[in-house]
């Protein structure tokens, strides 16, 4: 039976790899595509996959796209209203949420309200609004299938759990490009330095987050909601070769791990076809040549983003939103070469110290806290 999906963030790393999975399988219909401002790239995707709805975030780019595809039967929309329409306004059964940042929150909720399953690649949805999203999924009877390699690994391991609860999650991390360095050695790190990830090919923002280990902190908060565990049950472990994607431990001490080459198409395809496994072209682990798998403890003094994430998650309420939004803005400032590298975690820490806490925040309170944290970051550096 043909599956129907919408892809939000279709021109980014996860989005393009999702469409590669679609291209390889031929039994998935793409009903909607959404991207940021790249009209030329989205036009190419529209001509190949024939969605009924196409969205660009920027209105000017959307108007350009409309002209480019005027010979096709596709509705071109833009902005947040357009993103919500792409997520919820077609007959897609599943929405792949591959947009980066808190922009993904409203369309994800809209898709769930419309009864659509979520292939979740947008960390911020659960980080900032897990207390809203998980009850909504239960109420609407929709599935949230993780696309992140680590959360997909945990989800895959749980298929062999026989209903037994998780005692501990071992969330693996590559350590990023600066593994083994001390904080004083990171003075003067350039954008180019931080974008050299040793294992994964990802978008710019996520690659910076990996270098600071903020990305792993976001994954810790996400895992707390996805798998219903406490923060004390989540342990981050450095596994530099990215062979083990994560592990779960049971009360009897047994550990189940998911291993594989670092290829994001595996968790994407698993989410799209769950519980079916299909052939996936690509490299395989060669255990005859794999001599050892190394592990290390994370250095939370150097990589303060991870320590701050655990603190934000334990405090709960509005704090994860402030952590996330401050990081988003700080990373954008760093990529624009307006602040030094170490200022990213300094800004996160400052925002968390100065924000006003709110327990069980509403969507409106979450978005207000996001705006406050962004303004804090910008005003702190007077940019």
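What follows is calculated from the coordinates using simple rules that are stated; it is not laboratory data. Treat the numbers as computed from the prediction; the structure is a model and nothing was measured. We place every Cβ from the backbone using ideal geometry, glycine too, and count neighbours over all the protein chains shown.
For a quick check, take a GNM of the chain with Cα springs below 10 Å and name the residue from 139, 48, 184 with the largest mean-square fluctuation.
184
Using the basic label-point model (7 angstrom from Cα toward the beta carbon), what is the residue 255 to residue 140 distance in nanometres?
Modelled inter-label distance: 3.7 nm.
Between region 158-188 and region 331-383, what's the alpha-carbon centroid distance in Å?
Their Cα centres are 24 Å away from one another.
Which whole-number value in Å³ per residue fits the convex hull of the alpha carbons of region 211-359?
In region 211-359, the Cα convex hull volume per residue is 172 Å³.
Could you list log10 I(q)/I(0) for region 171-231 at q = 0.15, 0.16, 0.27, 0.28 Å⁻¹, which the Debye formula gives when each Cα is one point scatterer?
The calculated log intensity ratios at q = 0.15, 0.16, 0.27, 0.28 Å⁻¹ are -0.49, -0.55, -1.13, -1.18.
What percent antiparallel are the DSSP beta bridges of the chain, to the nearest 5?
Antiparallel bridges make up about 25 percent of those DSSP assigns within the chain.
Could you work out the mean projected area of the convex hull around the alpha carbons of region 232-300, in square nanometres to one decimal?
One quarter of the hull surface, i.e. the mean projection, equals 6.8 nm².
For the chain, modelled as a Gaussian network with Cα springs under 10 Å, which listed residue fluctuates most, 150, 292, 219?
292
Out of 305, 175, 317, any idea which swings most in a Gaussian network model of the chain, alpha carbons joined below 10 Å?
317
Under the √(5λ) rule applied to the eigenvalues of the Cα gyration tensor, what semi-axes describe the equivalent ellipsoid of region 333-383? Give them in Å, descending.
Numbers: eigenvalues 107, 25, 15 Å².
Over the Cα atoms of region 333-383, the ellipsoid semi-axes are 23, 11, 9 Å.
For the chain, rounded, prolate or oblate, judged on the Cα gyration tensor with a ≥ b ≥ c (square roots of eigenvalues), a/c < 1.5 rounded, else prolate if a/b > b/c?
Rounded, since a/c falls under 1.5.
Suppose R0 equals 35 Å; then what is the FRET efficiency for residue 279 and residue 381 from their Cβ-Cβ distance, rounded to the nearest 0.05?
It comes to 0.10.
Cα convex hull of region 285-383: how many Å³ per residue?
For region 285-383, the hull spanned by Cα atoms encloses 155 Å³ per residue.
For region 81-193, treating each Cα as an identical point scatterer without solvent, what Debye log10 I(q)/I(0) comes out at q = 0.12 1/Å?
Log10 of I(q)/I(0), two decimals: -0.57.
At a temperature of 25 °C and a viscosity of 0.890 mPa s, determine how fast region 6-67 diffuses translationally according to Stokes-Einstein, using the Kirkwood radius over alpha-carbon pairs as Rh; express D in µm²/s, rounded to the nearest whole number.
Answer, rounded: 215 µm²/s.
Measuring from centroid to centroid over Cα atoms, what is the spacing of region 1-78 and region 244-276 in Å?
29
Over the alpha-carbon set of region 4-123, work out the extent along each principal axis and list the three values in angstrom, largest first.
Reported extents, whole Å, longest axis first: 32, 30, 24.
Order these peptides, 236-243, 90-97, by their mean beta-carbon neighbour count within 10 angstrom, highest first.
Per-residue mean Cβ counts within 10 Å order the peptides as 90-97, 236-243.
Can you give the relative contact order of the chain as a percent, counting alpha carbon pairs under 8 Å and 6+ residues apart? Could the numbers behind the result be given before it?
Values: 705 pairs, mean separation 54.6, N = 383.
Computed over the chain, the figure is 14 percent.
Does region 122-181 classify as rounded, prolate or oblate by the C-alpha gyration tensor (a ≥ b ≥ c root eigenvalues; a/c under 1.5 gives rounded; else a/b over b/c gives prolate, otherwise oblate)?
oblate
Given the -39500 (n - 2.57) contribution per DSSP H run of 4+ residues, what per-residue ellipticity at 222 nm results for the chain, rounded to the nearest 500 deg cm²/dmol? Write out the running numbers ahead of the final one.
Details: 15 runs with 177 residues, N = 383.
Rounded to the nearest 500, the figure is -14500 deg cm²/dmol.
Taking neighbour counts of Cβ atoms within 10 Å as a proxy for exposure, in what order, fewest first, do 333, 280, 308, 126 appear?
Lowest count first: 280, 333, 308, 126.
Can you classify region 278-339 as rounded, prolate or oblate using the Cα gyration tensor, where a ≥ b ≥ c are the square roots of its eigenvalues, rounded means a/c under 1.5, and otherwise it's prolate if a/b beats b/c and oblate if not? Numbers along the way, then the final one.
Values: a/c = 2.19, a/b = 1.87, b/c = 1.17.
Judged from the Cα gyration tensor, region 278-339 comes out prolate (a/c at least 1.5, a/b above b/c).
Could you work out the relative contact order of region 230-383, using alpha carbon pairs under 8 angstrom and six or more residues apart, expressed as a whole percent?
Numbers: 144 pairs, mean separation 31.3, N = 154.
Computed over region 230-383, the figure is 20 percent.
Calculate the FRET efficiency for residue 161 and residue 40 from the Cβ-Cβ distance with a Förster distance of 41 Å, rounded to the nearest 0.05.
0.35
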